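For reference, the structure is listed below as structure tokens.
The values are calculated or read from the model by the stated rules, or taken from the named source; none is laboratory data. Everything numeric here is computed off the predicted structure, so don't read it as measured data. Heads up, the Cβs are rebuilt from the backbone with ideal geometry, glycines too, and the neighbour counts pull from every protein chain shown. Side chains included, ligands, DNA and RNA excluded: accessible areas come from the protein's heavy atoms. Shrake-Rupley method; radii C 1.70, N 1.55, O 1.52, S 1.80 Å.
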2 protein chains.
Amino acid sequence: MVRWQPGTSERLQAAALELFATRGFEQTTTAEIAAAVGVTERTFFRHFSDKREALFDNGDAFLHSFLDAIVAVPADAAPLQIMAAALQGAATWFPDERRAHSRRRQAVIDSNPALQEREQHKFAVLATSLAEALRARGVPEPAATLAAQSATTVFTIAFVQWLQDGEERSLAEIEQRVLAELRDLTAA
Amino acid sequence: MVRWQPGTSERLQAAALELFATRGFEQTTTAEIAAAVGVTERTFFRHFSDKREALFDNGDAFLHSFLDAIVAVPADAAPLQIMAAALQGAATWFPDERRAHSRRRQAVIDSNPALQEREQHKFAVLATSLAEALRARGVPEPAATLAAQSATTVFTIAFVQWLQDGEERSLAEIEQRVLAELRDLTAA
């Protein structure tokens, strides 16, 4: 019987990213990822359904960084205020110490269309979950979906900017700038 | 040698939709679609790479219904005005006579995750193309991507509403309402 080791999942993710970044996603096998961590391929599949998922395992925590921030917003807040709070919540999930790791992960994703599709799916789930959270707070449609989609757009634009070479502003600061741009754009 | 028949592509699309709607997408084969129109399966594959594409062949015309409308907008128009024009252009591609057909197509797409993914990809291409058109007109980033994504969001929300049972307003009218909601939302 293989004993469960705390941190195996995290070590597999780190090894997967390292191999994807240095050898390429297509060229890396699940057996190699498992071997890099000293576990069997079977153990790999106990943690991830396929090698792609080793890059996407934190999806729930990512989602909750937005959703948990919404809970703290006063009941009478406008939809855009709620979305601003959600964006600030997400920014705490991406502190500056994480930027190098996120850049590396993004480079792997950018190199492979199947990974890009999976990443797009993650953002579609985010938009759907945010709209649901807004409706649960009494925001009607189409305002709920519009606000949720807009927040998702602001996040994706800010995140790409945060990853740029030489960018030193925090994600929270960039999100605020992009949200202000959206306000200017629609007020014009 | 099979002689090319004008309209074969359109007849294959109509037969595909009919079969997908009555028998289900998974249960329908390309051979059956071809047979329904009286051509060989080989002819089917001369027109479409797979059966999924028989539902998505008008992608270019769809895209151009947005892009062509942008060309007519005065050079000094604000990004949101340009997007409003693009949305009105798209509405001419979906006149009321087309609503029943669009409802039928949507029901097929809603029944199959692979078709939903393909439809999402169509909207991702739309957003990218609109952003490109805005940049070509001198709109800087992130305003170009924000406006393009917002227009895509407005279109998808308005389109779902246009397809609702009992909905009788034109797509153009619904788009204007949703765009006004977006303005209210971001002004709050």
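Does B:Phe44 count as in contact (Cβ under 8 Å) with a residue 24 or more places away in the chain, buried (at least 17 other Cβ atoms within 10 Å of the Cβ) and in contact with a Ser or Thr (Cβ under 9 Å, 6 or more places away or on another chain)?
yes
Does B:Leu146 satisfy being open to solvent by less than 70 Å² (accessible area, probe 1.4 Å), aliphatic (A, V, I, L, M) and within 29 Å of B:Ala15 (Cβ to Cβ)?
When the stated conditions are applied, B:Leu146 does not pass them.
Given A:Ala85, A:Ala133, A:Ala77, which one is in a loop (DSSP other than H, G, I, E, B) and open to solvent by less than 30 Å² (accessible area, probe 1.4 Å)?
A:Ala77
Within region B:119-130, does at least one residue satisfy the condition of being open to solvent by 50 Å² or more (accessible area, probe 1.4 Å) and either touching a Phe, Trp or Tyr at 6+ places or on another chain (Cβ under 6 Å) or over 30 Å from B:Glu18 (Cβ atoms) (or both)?
Yes, that holds for at least one residue.
If I go through region A:138-171 residue by residue, how many of them are of a type outside the set (D, E, K, R) and part of a loop (DSSP other than H, G, I, E, B)?
The number of residues fulfilling the criteria is 7.
Kindly indicate which of A:Glu173, A:Glu167, A:Glu141, A:Glu181 is open to solvent by 20 Å² or more (accessible area, probe 1.4 Å) and facing chain B (nearest Cβ under 7 Å).
Exactly one residue qualifies, and that residue is A:Glu181.
Any chance region A:54-61 includes a residue that's among the acidic types (Asp, Glu), at pLDDT below 95 and open to solvent by less than 80 Å² (accessible area, probe 1.4 Å)?
Scanning region A:54-61 turns up at least one residue that is among the acidic types (Asp, Glu), at pLDDT below 95 and open to solvent by less than 80 Å² (accessible area, probe 1.4 Å).
Could you check region B:116-133 and list, in sequence order, the residues that are hydroxyl-bearing (Ser, Thr, Tyr) and at the interface with another protein chain (Cβ under 10 Å from one of its Cβ atoms)?
Of everything in region B:116-133, nothing turns out to be hydroxyl-bearing (Ser, Thr, Tyr) and at the interface with another protein chain (Cβ under 10 Å from one of its Cβ atoms).
Just need a number here: residues in region B:101-115 that are open to solvent by 70 Å² or more (accessible area, probe 1.4 Å), in a helix (DSSP H, G or I) and away from chain A (no Cβ under 14 Å).
Result for region B:101-115: 4.
Can you tell me which condition A:Thr153 does not meet? The list is (1) modelled with pLDDT of 95 or more; (2) more than 11 Å from chain B (Cβ to nearest Cβ), and all the others hold.
Only one criterion is unmet by A:Thr153, namely (2).
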